[in-house]
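Only one structure is covered here, and it is reproduced in the block below.
The values are calculated or read from the model by the stated rules, or taken from the named source; none is laboratory data. As the structure is a computational prediction, the values presented were derived from the model and not from experiment. FYI the Cβ positions are ideal-geometry reconstructions off the backbone, even for glycines, and counts take in every protein chain you see. For the accessible areas, the whole protein counts, side chains as well, though only heavy atoms, and no ligand, DNA or RNA atoms are used. Shrake-Rupley method; radii C 1.70, N 1.55, O 1.52, S 1.80 Å.
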2 protein chains.
Amino acid sequence: MTTAPRTRLSPAERREQLLDLGVRLLAHRSLDELSIDLLAEEAGISRGLLYHYFGSKQAFHEAVVRHAADDLIAQTTPPTDGEPLERLRTSVTAYVDYVVANHEGYVSLVKAAAGGNESLRAIYEDARSALNGRLFHGDDAGEIVPDTPAARLLVQGWSAMTEELVLSWIDDSRGVTREELLGLVVASLPAVVGVLGTGR
Amino acid sequence: MTTAPRTRLSPAERREQLLDLGVRLLAHRSLDELSIDLLAEEAGISRGLLYHYFGSKQAFHEAVVRHAADDLIAQTTPPTDGEPLERLRTSVTAYVDYVVANHEGYVSLVKAAAGGNESLRAIYEDARSALNGRLFHGDDAGEIVPDTPAARLLVQGWSAMTEELVLSWIDDSRGVTREELLGLVVASLPAVVGVLGTGR
């Protein structure tokens with residue numbers, strides 16, 4: 001994708017290439033560490049040109065995070081065939097692998113979104129909604145989750161639990177293997193949704 | 001508690017009284033809004049005296065948040081008698097009521113802790129650990145939760161789910177009643193822990 005940096009690209013292609021680079025740099029760095037200077041150096045272009053493409057550091061960060069969120073959503077798209085729980089497992093596996101591979105950037109986004117950066121929060125919330133909403137769209141028969149207000153609330157809770165489980169596990173696996181973690185995350189969705197029948 | 005503000009108090013009692021006031025003011029305010037000026041005005045003392053007691057605004061905020069966390073932990077102590085799930089329900093009910101009653105302050109603490117205020121994060125994490133750890137201490141027979149690394153990870157996830165459920169529900173209940181919410185939160189703990197047996 002970036003093997004031919006000297007190739008003549010259209011402005012849109014060049015912008016896209018810079019965003020790809022930003023996403024790659026963000027994998028092992030926090031947003032704070034992703035400076036315009038670093039990007040200009042890595043891309044081999046001037047700071048001025050970067051500002052020309054993105055306007056400001058904040059706008060560049062937003063564009064990179066939106067690009068990364070699109071990647072996450074694309075990479076975790078469940079297969080259209082197969083048993084519901086197998087499809088969920090494939091999607092959850094991709095999510096866990098994504099967070100492991102992009103840990104620094106992911107954590108810094110969660111931090112920025114939770115800490116009050118409103119535009120990054122909006123991008124984060126949109127991505128969360130897309131990931132959660134997909135559980136309903138891909139499951140018209142309600143095989144895993146019925147589409148009710150209480151179920152939507154529970155799915156939001158399960159999603160927060162999943163993020164906490166994955167981030168805690170990356171910090172300290174406590175001997176829990178990746179396969180065990182995946183099993184816990186996948187099985188906990190029907191388990192949690194199951195309380196809709198039994199809970200008061 | 002504050003009906004006799006003119007009473008002569010020891011410095012420790014006075015400090016305690018100021019912290020109680022801070023916690024009350026924080027119920028319907030964010031940490032940012034809890035200024036030294038406001039507190040001085042509400043307490044009827046000078047700013048200088050407040051700095052004398054606490055040293056700095058940050059130190060005062062930390063002391064208030066620690067005081068509030070202690071209140072939360074005390075108020076949600078499960079009863080020592082009764083069925084495990086009933087004891088859990090009593091504790092969860094107190095937690096939900098606490099978050100409802102102290103919503104502004106609670107949300108601002110979550111935000112500050114997640115957003116990178118390291119000392120507030122430490123207080124928040126300590127409170128979380130105390131609340132989560134209690135689930136194991138009060139349950140020596142492992143009636144609800146066995147004490148294993150995977151179970152501890154799941155309880156941490158359940159705790160994040162609970163916070164998300166309660167805060168989302170306060171923002172928009174979507175027709176889910178308080179009783180239904182309590183039922184969902186309580187029933188989801190054994191449900192989630194149940195996957196330890198079935199999950200791969």
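Being under 18 Å from the mean Cα position of the chain (by Cα) and within 14 Å of chain B (Cβ to nearest Cβ): is that true of A:ARG121 here? Explain how you work it out, then say what you get.
Details: under 18 Å from the mean Cα position of the chain (by Cα): yes; within 14 Å of chain B (Cβ to nearest Cβ): yes.
It is true that A:ARG121 is under 18 Å from the mean Cα position of the chain (by Cα) and within 14 Å of chain B (Cβ to nearest Cβ).
Please work out if B:LEU135 is of a type outside the set (Lys, Arg), crowded, with 21+ Cβ neighbours inside 10 Å and within 8 Å of another protein chain (Cβ to nearest Cβ). Steps first, answer last, please.
Numbers: of a type outside the set (Lys, Arg): yes; crowded, with 21+ Cβ neighbours inside 10 Å: yes; within 8 Å of another protein chain (Cβ to nearest Cβ): no.
So B:LEU135 fails the test.
Sort out which residues of the stretch B:148-200 are basic (Lys, Arg) and buried (at least 18 other Cβ atoms within 10 Å of the Cβ), and write them in order of number.
Once the filter is applied, which keeps residues that are basic (Lys, Arg) and buried (at least 18 other Cβ atoms within 10 Å of the Cβ), the stretch B:148-200 yields only B:ARG152.
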Residues being more than 7 Å from chain B (Cβ to nearest Cβ) and within 15 Å of A:SER188 (Cβ to Cβ) - total across the stretch A:151-174 | 6
Within the stretch B:34-53, track down each residue that is under 23 Å from B:SER108 (Cα atoms), open to solvent by 20 Å² or more (accessible area, probe 1.4 Å) and touching a helix residue (DSSP H, G or I) at 6+ places or on another chain (Cβ under 8 Å).
-> B:SER35, B:ASP37, B:LEU38, B:GLU42, B:ALA43, B:TYR51
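Please specify each residue of the stretch B:102-118 satisfying the condition of being assigned to a helix (DSSP H, G or I) and more than 11 Å from the chain's Cα centre (by Cα). Break it down into steps so the answer makes sense when it comes.
Filtering the stretch B:102-118 down to residues assigned to a helix (DSSP H, G or I) leaves B:103-115, B:118.
Across the stretch B:102-118, the qualifying residues are B:GLU104, B:SER108, B:LYS111, B:ALA112, B:ALA113, B:ALA114, B:GLY115, B:GLU118.
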How about the stretch A:188-200: which of its residues are touching a residue at least 40 places away in the same chain (Cβ under 8 Å) and either within 19 Å of B:ARG128 (Cβ to Cβ) or within 7 Å of another protein chain (Cβ to nearest Cβ) (or both)?
-> A:VAL195
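Scanning the stretch B:1-33 for residues that are loosely packed, with under 11 Cβ neighbours inside 10 Å and in a helix (DSSP H, G or I), which turns out modelled with the lowest pLDDT? Break it down stepwise before answering.
Pass one, the stretch B:1-33, residues loosely packed, with under 11 Cβ neighbours inside 10 Å: B:1, B:3-4, B:6-8, B:10-12.
Filter again for in a helix (DSSP H, G or I), leaving B:11-12.
Values: B:PRO11: 84, B:ALA12: 87.
Selected residue: B:PRO11.
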Check off (1) polar (S, T, N, Q); (2) within 30 Å of A:ALA59 (Cβ to Cβ); (3) in contact (Cβ under 8 Å) with a residue 40 or more places away in the chain for A:THR93 and give me the number that stays unchecked.
-> (2)
Pairs, please: C-beta under 6 Å, at least 6 apart or cross-chain, first residue in a loop (DSSP other than H, G, I, E, B) and in the stretch A:34-46, second crowded, with 16+ Cβ neighbours inside 10 Å?
-> A:LEU34/A:LEU25; A:LEU34/A:LEU26
Which numbered condition A:ALA68 misses (of (1) part of a loop (DSSP other than H, G, I, E, B); (2) of a type in the set (A, V, I, L, M); (3) surrounded by 15 or more Cβ atoms within 10 Å (Cβ to Cβ)) = (1)
